[in-house]
1. Fully extended, how many nm does the chain gain between W260 and I379 (0.36 nm per residue separation, minus their Cα-Cα distance)?
2. Roughly what would the spin-label model give for I23 and D242, points 7 Å off Cα along C-beta, in nm?
3. What label, among (1) 123; (2) 153; (3) 210, belongs to volume of the Cα convex hull per residue in Å³ computed from the structure on display?
4. Summing Lys, Arg as +1 and Asp, Glu as -1, what charge do residues with Cβ under 9 Å from the Cβ of Y75 carry, Y75 excluded?
5. For a quick check: sort M215, M118 by the number of other beta carbons within 10 angstrom, fewest at the front.
6. Among the listed pairs K80/K411; K25/K411; K232/K334, which are separated by more than 31 Å between their Cα atoms?
7. Determine, for R159, R283, the number of other Cβ atoms within 10 Å of each Cβ, and report the residues in order from fewest to most.
8. Using only the Cα atoms of the range 20-174, each taken as one equal point scatterer with no solvent, compute I(q) by the Debye sum, divide by I(0), and report log10 of the ratio at q = 0.20 Å⁻¹.
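None of the figures in this text is laboratory data; all of them are computed from the coordinates on show. This one's a predicted model, so the numbers in the text were calculated from it and none came from an experiment. Neighbour counts run over all protein chains shown; Cβ positions are idealised from the backbone, glycine included.
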Amino acid sequence: MNKKKLVPNRRFEEFNKKWEERILKDFRDKNHKYSYTGGPFGSDLKSEDYTKKGVRIIQLQNIGDGIFLDKYKIYTSESKAKTLSSNLIYPEEIIIAKMAEPLARAAIIPGNYTKYLMSSDGIRLKVNTQNYHTYFILTLINDLRFRKKALQNSTGTTRKRIGLVTLGNLSSYLPNYREQQKIGEFFKHLDQMISLEQHKLEKKKALKSAYLVEMFPAEDKPVPKRRFPGFKEKWIESKLKDISEIVGGGTPSSNKEEFWNGNIDWYSPTEIGNEIYVDSSVRKITEIGLEKSSAKILPANKTILFTSRAGIGSMAILKNSASTNQGFQSIILKSEIDTYFIYSMGYLIKSYAISKASGSTFLEISGKTLGEMPIFVPIFEEQQAIGEFFKKLDDKITNQQQKLDKLKAMKQAYLQEMFV
């Protein structure tokens, strides 16, 4: 922010006037009594009021970060909605979440229905469109600076919440209507691009999920539904321990400086799950640290790291030899087993591990129990074909995720530059 002129760092060249401070409730349409209002009290809308059709109820989980999430659908009767008419909200209006996460996120109501009923955790904002541009106001509310103010004025420890009056009195800076319009349309276009790339990503993930179901045998079935041409042999029933060695980890004493900051990668579970391959850990141990603990060296390319506690089932393929702490039961595959083939059936291994996990403080799966997992395995050539097929799918998903992340980062950069 340029503090002297109260203007953003980047703006469209035809605008040069300073921005003015306003509070959120100033944006409401004062010609409508309930243009800025909250949802009903919980006691006024109970689960017994829900119906299979009627007036759609907007729940907290429908309010995404700048986008309306249409997956969760519940309804109430027209007669019930009529008794809560002050809590109705309509297409093209803004709904704001009273609760995290994140707090005060906002979305525009879609035009799927003529009206909706808010649940108790929603706030309706019907914008005065004569003076304010709706999409500009939406973008302003979702900007991290406004959200920071909301968080600073929230209540609650376990889950943050902000009240209608408190939120309505939070201030922001904004320009005249013409500049709002230009900025609002700019971000609307950018959000549409993000939405398109998000949709492409979801389609690719859905396609992969469908192939996983068809290309690995269903329970108690010796072969999958879908196979590559030329492969007819039955898959061999085995156990995970028969095709691999399952190895736990360990932690050198934190009091011994000579055990740490060496050249041996040493992974913890929080480092696993976001990337298919890992090649460098946050912390590293020394040779003597390895020797004085139960940590073991795991070979590159044939090891699948598998988290075994407090978040069972995160996986990654090891690109360089490394060690882990005790939060793993790593799977070292035998030479005749294709690594990516086993990695691709990770959803089955995770499901089995969770079903067999035990523990009072936190759930954990032992290496011995994990090794007992029944598994069907084809000949090596078919493993390779399947592994390569899913690797190409995963590469496409990764590339699509990178496109999406790049657009989201671009939006954040523009928000920082184009708002005060």
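1. The W260-I379 span can extend by a further 38.6 nm.
2. 7.2 nm
3. For volume of the Cα convex hull per residue in Å³, the calculated option is (3).
4. +4
5. Arranged by neighbour count, lowest to highest, M215, M118 become M215, M118.
6. K80/K411, as the Cα separations exceed 31 Å there.
7. Ascending number of Cβ neighbours within 10 Å: R159, R283.
8. One equal scatterer on each Cα of the range 20-174 leads to -1.30.
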